[in-house]
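A short worksheet on the structure shown next.
The values are calculated or read from the model by the stated rules, or taken from the named source; none is laboratory data. This is a predicted model, so every value here is computed, not measured. Glycine gets a Cβ as well: all are built from the backbone with ideal geometry, and neighbour counts include every protein chain shown. Only protein heavy atoms, including side chains, enter the accessible area calculation; ligands, DNA and RNA are left aside. Shrake-Rupley method; radii C 1.70, N 1.55, O 1.52, S 1.80 Å.
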There are 2 protein chains.
Amino acid sequence: MTNGFNAIIGSQAAPQLAIVGSGDWTKAALDVCPLELPSVVVSTPNEADLSSVRILLGAPAELIHFIPSCPNLQWVQSTWAGVDAIANFATEQLQITALKGVFGQAMSEFVIGWLLAIERQIIQRGVATTWLDGPDGTVAGKTLGIMGTGSIGSAIAGASCTFKLRCRGLNSDGRTQEGFDSCFATNDRLAFARGLDYLVSVLPNTPQTDELVDAALLDQLSPGAIFINVGRGNAVDERALVAALASGQLRSAVLDVFNTEPLPPDHVFWRTKNLHITAHTAAPTPSDAILSVFAANLHRFLQNKPLLYGVCSQKGY
Amino acid sequence: MTNGFNAIIGSQAAPQLAIVGSGDWTKAALDVCPLELPSVVVSTPNEADLSSVRILLGAPAELIHFIPSCPNLQWVQSTWAGVDAIANFATEQLQITALKGVFGQAMSEFVIGWLLAIERQIIQRGVATTWLDGPDGTVAGKTLGIMGTGSIGSAIAGASCTFKLRCRGLNSDGRTQEGFDSCFATNDRLAFARGLDYLVSVLPNTPQTDELVDAALLDQLSPGAIFINVGRGNAVDERALVAALASGQLRSAVLDVFNTEPLPPDHVFWRTKNLHITAHTAAPTPSDAILSVFAANLHRFLQNKPLLYGVCSQKGY
């Protein structure tokens, strides 16, 4: 465990910034902090005096244990995109910011990679030991629906364009977004889903996104559609998903996110045919992305400027 | 077997155009022919009187048996991109045209799909029955070298751009091509290969492309590189490829084309680790592409205009 105090000039001063975690990135983050801001790297809330801490940096799953112990907290920078665990702490006095604008490439690779792998039979052909003749499918001319039109959804839409996919978007109010042929409001989700060949969710975990992918929506898809979830597990009615795979209404599903992670070994998903399970690996957080977003926001914070990627406690993201 | 004579107005006339094959596309091709041009669909050379045939349409593997039987032949339209089997028949009196400009999408899907599948571990994750943690790779920032910078190579270069790949091209004289960061001549193939993360060949089968991918070239690649061949099998020194996979200099290879197809069951490739074999399925010929290129060229032929995608017997493509 790194003892971050070593790196502090005037280590007698109570820390104003606490970096929560134990990875290599924590040392690099400490280097980003200016000398006049006493800073510390900690793993548990009782490791340091948190009474003067104004700034927290870390993963929401750990931050949730620190925030109540910091009476003078002003800003929390998440190292994840998903901030549902801590979004409700956001107030006028306490800003919470997410890690954004850095997952588009990895998410696009994952979504386009899996769509191509399924259409081009790469999983079967990858282990072929005989000459597997017969034609592949193609993504060209298919229609992709993306639930969530923020920076990740827009990046996926941009990449899909290259392969002649058409793109439909779903967001809270149906506002248009660049890169999408059309956008629908959450209330119009059945019209959004009608005839889609591929459905991708990048939705955050909020009460408004609970089980949006249910039997009614899956029924609207083109028969034999493919579903990919790289958002959060709450968006899926699990029973309806298993039924759609069993009936063939869905040809395949690729799930990277679940209500409980790791997915428990006795979960029905492990025994569901044509369901591919990845281990929340679609978009790992690149350390340099944490540093660049943190450094940019720290600079803004110290200059009393508005922070990037602020979270709204009401919206939950 | 379709008896194409049925479709001919004045079927007593000796055919001037012969469509070679038995697929559904042959009937549609017959519909493209003008009534004043007696046309026939045939499967073997002795099925019809070929003495007046001026135009042949079909696959090179079959056309090779027809061309010598047509004393008055003026133009041969191939339904394949690869015309090495018949290129040497091209003269000033006999034009041979290839099928081009229609494989870019399918080839891009195949190449980008396989690169993403390997980097993102889709083949392993696709059959996972437990929670496979641990990070994937990414194609972002990697350098892709494409041997062949014609319409197929350019399409792949364009698609790779979307995923932040850098692209280097190889062609006969090193001429620059849009979409490539730099291009090298065949003579400079070792400089071209130096440090490449990914190598893709879309080269045609000509004496100049024989075993261009040999031990010397493979040695220049970045250690752990990936090689994909969607051109023709002659471009690869098979022994050197197997050795590079065994040593780890190549992490994976994906071969869609071979010197003998189907690849014989006793071929060493079937027993080579990290070598994926696909059955010449990278870019199936879409029937509508045959029809549109044939129709365009037929119109030009009947108006004595230069044909599209003409083949040079000296270059062999």
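The figures follow:
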| read-out | value |
| --- | --- |
| Accessible surface buried upon A-B contact (total; probe 1.4 Å; Å², nearest 100) | 3600 Å² |
| Cα centre as origin, Lys/Arg/Asp/Glu Cβ charges: the protein assembly as shown dipole, Debye | 620 debye |
| Coil-residue trypsin sites (Lys or Arg not before Pro) of segment A:212-282, DSSP, other Cβ within 10 Å capped at 14 | A:Lys273 |
| Carbon + sulfur, % of accessible area of segment B:98-243 - ligands and nucleic acids excluded, 1.4 Å | 50 percent |
| B:Gln208/B:Ile64 FRET efficiency (R0 22 Å; Cβ-Cβ; nearest 0.05) | 0.55 |
| Trypsin sites (Lys or Arg not before Pro) restricted to segment A:119-194 and DSSP loop, no more than 11 other C-beta within 10 Å | A:Arg175 |
| Spatial separation of Cα centroids for segment A:145-214 and segment A:59-137, in angstrom | 16 Å |
| Cα→Cβ-extended label distance, 7 Å offset, between A:Ala28 and B:Asn46, nm | 7.4 nm |
| Accessible area per residue in Å² at 1.4 Å probe, computed on chain A | 43 Å² |
| Relative contact order [Cα under 8 Å, 6+ residues apart], chain B, whole percent | 15 percent |
| Radius 10 Å from Cβ of B:Arg168, net charge of other residues (Lys, Arg +1; Asp, Glu -1) | +1 |
| Most fluctuating residue given options B:Ile122, B:Ile96, B:Ile152, as computed from a GNM of chain B linking Cα atoms under 10 Å | B:Ile122 |
| Residues losing 20 Å² or more accessible surface upon assembly, segment B:227-272, compared with the chain by itself, 1.4 Å | B:Pro262, B:Trp270 |
| Computed [θ] at 222 nm, helices only, for chain B once each DSSP H run of length n ≥ 4 contributes -39500 (n - 2.57) | -8000 deg cm²/dmol |
| Estimated FRET transfer efficiency when R0 is 51 angstrom, pair B:Gln93-B:Ala243 (beta carbons, to 0.05) | 0.65 |
| Net length gained if the chain between B:Ser151 and B:Cys312 were fully extended (0.36 nm per residue, minus Cα distance) | 56.3 nm |
| Positive-end residue of A:Gln93, A:Asn46, A:Pro71, charge dipole of segment A:34-113 with Cβ unit charges | A:Gln93 |
| Shape call, segment B:146-195: gyration tensor on alpha carbons, a/c limit 1.5 | oblate |
| Residues along segment A:85-113 losing 30 Å² or more of accessible surface when the other protein chains are present rather than the chain by itself (probe 1.4 Å) | A:Gln105, A:Glu109, A:Gly113 |
| Summed side-chain charge close to B:Asp31 - residues other than B:Asp31 whose Cβ falls under 14 Å, Lys, Arg +1, Asp, Glu -1 | -1 |
| Segment A:37-109: GluC sites (Glu not before Pro) falling in loop per DSSP and having at most 15 other Cβ within 10 Å | A:Glu92 |
| GNM flexibility winner over chain A from A:Asp173, A:Asp266, A:Asp133 (Cα, springs under 10 Å) | A:Asp133 |
